[in-house]
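Visitor: Here you go, one structure.
The values are calculated or read from the model by the stated rules, or taken from the named source; none is laboratory data. Since the structure is predicted, the reported quantities are computational estimates derived from the model, not experimental observations. Cβ placement follows ideal geometry from the backbone for every residue including glycine, while neighbour counts extend to all protein chains displayed.
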Amino acid sequence: MRYLVLTDIHANMEALDACLADATARGYDGALVLGDLVGYGPEPNAAVKRIQDLAPMAIVRGNHDKVASGLEPPDGFNTVAKNAARWTHEVLTPANREWLASLPLGPTIVDEVVEICHGAPFDEDSYIFDELDAVHALKTSVRPLCLFGHTHYPVSFELSDGMFDSIDPIAAAEMQLLSMRPRSKYLVNPGSVGQPRDGDPRAAYAIVDTAARAVELFRIRYAVEETQAKLVMAGLPEVLAHRLAVGR
């Protein structure tokens, strides 16, 4: 099975469509979506529609999905995120707010190889940045490969025979291949489709090949300036447009 993996889309349609076009050319059997379809970006209804049309084989909610749908208040968000969340809530159609609110929390078991979550397998809202969090997540996960998002930072962690290792992506690479070794467990964040935060403005996504036991990590250029123009026209904070150009 070849799974297309998308996370942290954040209503950026130019980035999402670029990833989908690239993935379609490479071929995949079904999609896995790790949450945060909306928030920050200018086209929340279009993003929801595109993911609905994609009919993911598995999907979990993100923290922005919860806030934008009205399930939770934006108390933990900074000022910019709060303003974007309120705008998103107002712009979303009632049907789309209801659909987002119905998304399941993670983790979700996909098959014998893969499970997915938004933040961490032990808490959907936790951020995995350091080794302690990663080891906790690896020991909590129940499949050889746990896919996560939330940090907007592509990274891979491996736990093998009690030995822990982290694998940072090569900055200039358009594609990286992670081969899964037998008896190892992996924790992989493909990076954000629509809001990269690792200093690389290119959209990120992954394809998991369970037969080959491999994860292909991709970075895709897209029309950032079109998304920036839509953000400004929507009246969203201009800092959201600036950060897209630098991937921060």
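Visitor: Take the residues in the stretch 117-138 that are within 14 Å of Thr7 (Cβ to Cβ), surrounded by 19 or more Cβ atoms within 10 Å (Cβ to Cβ) and without any contact (Cβ under 8 Å) to a residue 60 or more places away in the chain; name whichever of them is farthest from the chain's Cα centre (by Cα).
Guide: Ala120
Visitor: Only one of Val80, Val67 is part of a helix (DSSP H, G or I), within 21 Å of His152 (Cα to Cα), at pLDDT below 95 and touching a helix residue (DSSP H, G or I) at 6+ places or on another chain (Cβ under 8 Å); which? Working first, answer last.
Guide: Values: Val67 fails: at pLDDT below 95.
After applying the criteria, what remains is Val80.
Visitor: Show the residue pairs that are 6+ apart or on different chains and have beta-carbon atoms under 8 Å apart, the first residue being within the stretch 34-49 and of a type in the set (Ser, Thr, Tyr), the second being assigned to a loop (DSSP other than H, G, I, E, B).
Guide: Tyr40/His10; Tyr40/Ala11; Tyr40/Asn12; Tyr40/Gly194; Tyr40/Gln195; Tyr40/Leu236
Visitor: Report every pair of residues separated by at least 6 positions or lying on different chains whose Cβ atoms are under 6 Å apart, first residue within the stretch 210-228 and within 14 Å of His242 (Cα to Cα), second polar (S, T, N, Q) and at pLDDT 95 or above.
Guide: Thr227/Asn12
Visitor: Another question, if that's okay. For the stretch 159-169, how many residues meet the condition of being of a type in the set (D, E, K, R) and closer than 20 Å to Thr7 by Cα? Break it down stepwise before answering.
Guide: Here is the first cut: in the stretch 159-169, the residues of a type in the set (D, E, K, R) are 161, 165, 168.
From the residues that got through so far, the ones that are closer than 20 Å to Thr7 by Cα too are 168.
Total meeting the criteria: 1.
Visitor: Same structure, new question: For the stretch 93-111: of the residues being free of Cβ contacts under 8 Å to residues at least 40 places away in the same chain and among the charged types (D, E, K, R), which is surrounded by the most Cβ atoms within 10 Å (Cβ to Cβ)? Working first, answer last.
Guide: Residues of the stretch 93-111 free of Cβ contacts under 8 Å to residues at least 40 places away in the same chain: 94-95, 97-98, 101-102, 109.
With the extra rule that they be among the charged types (D, E, K, R), the set shrinks to 97-98.
Details: Arg97: 23, Glu98: 12.
Once the filter is applied, the top-ranked residue is Arg97.
Visitor: Test Thr151 against the stated conditions and say whether it is closer than 26 Å to Ser126 by Cβ and either of a type outside the set (D, E, K, R) or in contact with a Cys (Cβ under 6 Å, 6 or more places away or on another chain) (or both).
Guide: On the way: closer than 26 Å to Ser126 by Cβ: yes; either of a type outside the set (D, E, K, R) or in contact with a Cys (Cβ under 6 Å, 6 or more places away or on another chain) (or both): yes.
Yes, satisfied.
Visitor: For the stretch 21-31, does any single residue satisfy the condition of being surrounded by 24 or more Cβ atoms within 10 Å (Cβ to Cβ), at pLDDT 95 or above, in contact with a Leu (Cβ under 9 Å, 6 or more places away or on another chain) and not in a loop (DSSP other than H, G, I, E, B)?
Guide: Checking the stretch 21-31: not a single residue is surrounded by 24 or more Cβ atoms within 10 Å (Cβ to Cβ), at pLDDT 95 or above, in contact with a Leu (Cβ under 9 Å, 6 or more places away or on another chain) and not in a loop (DSSP other than H, G, I, E, B).
Visitor: State whether the residues of the stretch 1-24 include one that is among the small types (Gly, Ala, Ser), closer than 20 Å to Ala85 by Cβ, in contact (Cβ under 8 Å) with a residue 60 or more places away in the chain and in contact with a His (Cβ under 6 Å, 6 or more places away or on another chain). Step through it out loud before you land on a result.
Guide: Residues of the stretch 1-24 that are among the small types (Gly, Ala, Ser), as a first pass: 11, 15, 18, 21, 23.
The next check asks that each one be closer than 20 Å to Ala85 by Cβ; those that pass are 11, 15.
Then keep just the ones that are in contact (Cβ under 8 Å) with a residue 60 or more places away in the chain; that gives 11, 15.
Going one step further and asking which of them are in contact with a His (Cβ under 6 Å, 6 or more places away or on another chain), we end up with none.
For the stretch 1-24, residues among the small types (Gly, Ala, Ser), closer than 20 Å to Ala85 by Cβ, in contact (Cβ under 8 Å) with a residue 60 or more places away in the chain and in contact with a His (Cβ under 6 Å, 6 or more places away or on another chain): absent.
Visitor: I'd like to check something: does the stretch 87-102 contain any residue that is within 20 Å of Leu240 (Cβ to Cβ), in a loop (DSSP other than H, G, I, E, B), under 19 Å from the mean Cα position of the chain (by Cα) and hydrophobic (A, V, I, L, M, F, W, C)?
Guide: There is no residue in the stretch 87-102 that is within 20 Å of Leu240 (Cβ to Cβ), in a loop (DSSP other than H, G, I, E, B), under 19 Å from the mean Cα position of the chain (by Cα) and hydrophobic (A, V, I, L, M, F, W, C).
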